[in-house]
Amino acid sequence: MTLEEIKPEVIAICREVGQFIRDEAQAFDRSRIEFKHGFNNLVSYVDKEAEQRLVRNLKRLIPGSGFLAEEGTGSSTQSEFEWIIDPLDGTTNFMHGLPVFAISVALAKQGVPVLGVVYEVNRNECFHATTNSPAFCNDQPIQVSSVNELNESLLATGFPYNYLDKKEHYLEIIRQFLEKTHGIRRLGSAAIDLAYVACGRFEGFFEYNLNAWDVAAGALIVQQAGGTVTDFSGGNNFLHGGEIVAAGAVHPQMLELINAQWFKKKA
Ligand code: IPD
Ligand code: CA
Ligand code: CA
């Protein structure tokens, strides 16, 4: 099967699992929150069940393919293909009844994402791309923003839980962006932040301490929509390196500011 043949199947699987998540959201009871290792690391049966459904169905598309999934379903294999999955990105939103969460599925070939799907469950918007195609939202082609001035930009970020070593640097970056832009949003789903950069709703997004499953699909969609994705040094280590800057035409200005503050020695 080619990537273009696999993609509609992945989209259909995400839409079906999205329906399950949507149904569970109606009646979610906070007593069913569980805690994983680390501060504020929440999970529920919905994350786990959604992931199992995704893995079960994706496995059939490429027999023998491996999995890197947030809740640990499936395992890596010798195959050149690996699915990188966040079954519910925006778990904290989901648990508090906020309607901003998504399924994020990427397919990597020899470690490089070649297909990405981000399905925003409540808006029924499916963002998708492959390395051979432009990016889409549902069936509409999308493009990143051409705005190249910070003072005309709306940005997105997340507030990491574990970043004490770098907290002052991060807060300084946020302070400076607040003074220079239309503002900063914190939606609570990195996959949606990236999808919204891809379609130009946000000019740019940056965050620290994310995992590969948060960004693999969204970063590819941004790139295929004409955007730039780097780490805080301007390099390519954003998938496993925990630092990401993804933007349209304002990327150089964002990177310059982030880079200058992030690597500054604090007194
Ligand atoms: C989280 C979201 C959030 C980001 C966190 C992630 P989860 O993923 O993407 O926006 O700030 O760092 O862990 O836990 O909802 O899958
Ligand atoms: Ca996530
Ligand atoms: Ca998750």
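Looking only at the range 150-262, where both bridge partners belong to it, what percent of the DSSP beta bridges are antiparallel (to the nearest 5)?
Here the antiparallel bridges make up roughly 55 percent for the range 150-262.
With a cut-off of at most 11 other beta carbons within 10 Å, and DSSP calling the residue loop, which chymotrypsin sites (Phe, Trp or Tyr not before Pro) in the range 180-267 qualify? Please list them.
PHE263
Over the Cα atoms of the range 3-141, what Rg and Dmax result, in angstrom?
Just the Cα atoms of the range 3-141 yield Rg and Dmax of 14.8, 45 Å.
Using amide H atoms built 1.01 Å from N in the peptide plane, name the residues 5+ places from TRP83, or on other chains, whose amide H lies under 5 Å from its own.
Correct list: GLY66, PHE67, LEU68, ALA108.
Restricting to DSSP loop positions (anything but H, G, I, E, B) with no more than 16 other Cβ atoms inside 10 Å of their own Cβ, which GluC sites (Glu not before Pro) remain in the range 147-242?
Answer by residue number: GLU149.
Against the 2.2 N^0.38 Å scaling, with N counting residues, where does the chain land? I'd like the Cα-based Rg ratio to two decimal places.
0.96
Can you give me the angle between helix 45-61 and the longest principal axis of the chain, using Cα atoms only, in degrees from 0 to 90, rounded to the nearest 10?
The angle comes out near 70 degrees.
Pop a pseudo-label 7 angstrom from the Cα along the beta-carbon direction at both THR131 and SER31 and give the gap in nm to one decimal.
In this crude spin-label approximation the distance works out to 5.0 nm.
Just subtract the alpha-carbon distance of ASP165 and ASN237 from 0.36 nm times their residue separation and send over the number in nm, one decimal.
Net length gain for the segment: 23.9 nm.
Please state the charge dipole magnitude for the chain, taken about the Cα centre, from unit charges on C-beta atoms (+1 on K and R, -1 on D and E), reported in debye and rounded to the nearest 20.
I would put it at about 340 debye.
Could you work out the pair-distance distribution P(r) of the range 56-137 from its alpha-carbon pairs, with 5 angstrom bin width and percents rounded to whole numbers?
Spelled out bin by bin, the range 56-137 gives 3, 15, 22, 23, 18, 12, 6, 1 percent.
Take the alpha carbon atoms of the range 122-198, find their center, do the same for the range 79-115, and report the distance between the two centers in whole angstrom.
Value for the Cα centre distance between the two parts: 16 Å.
Please compute the modelled spin-label separation between GLU256 and GLU149, points set 7 Å along Cα→Cβ, answer in nm with one decimal.
Roughly 1.4 nm, to one decimal.
List the GluC sites (Glu not before Pro) within the range 52-139 that DSSP assigns to loop and that have no more than 14 neighbouring Cβ atoms inside 10 Å.
Listed in order of number, the matching sites are GLU80.
Which whole-number percent of Cα pairs in the range 150-262 have a distance greater than 22 Å?
Of all Cα-Cα pairs in the range 150-262, 19 percent lie more than 22 Å apart.
A short reminder: the numbers here are calculations on the coordinates, not readings from a lab. These numbers were taken from a predicted model, which means no experiment stands behind them. With ideal geometry, Cβ positions are generated from the backbone for all residues, glycine too; neighbour counts draw on all protein chains shown.
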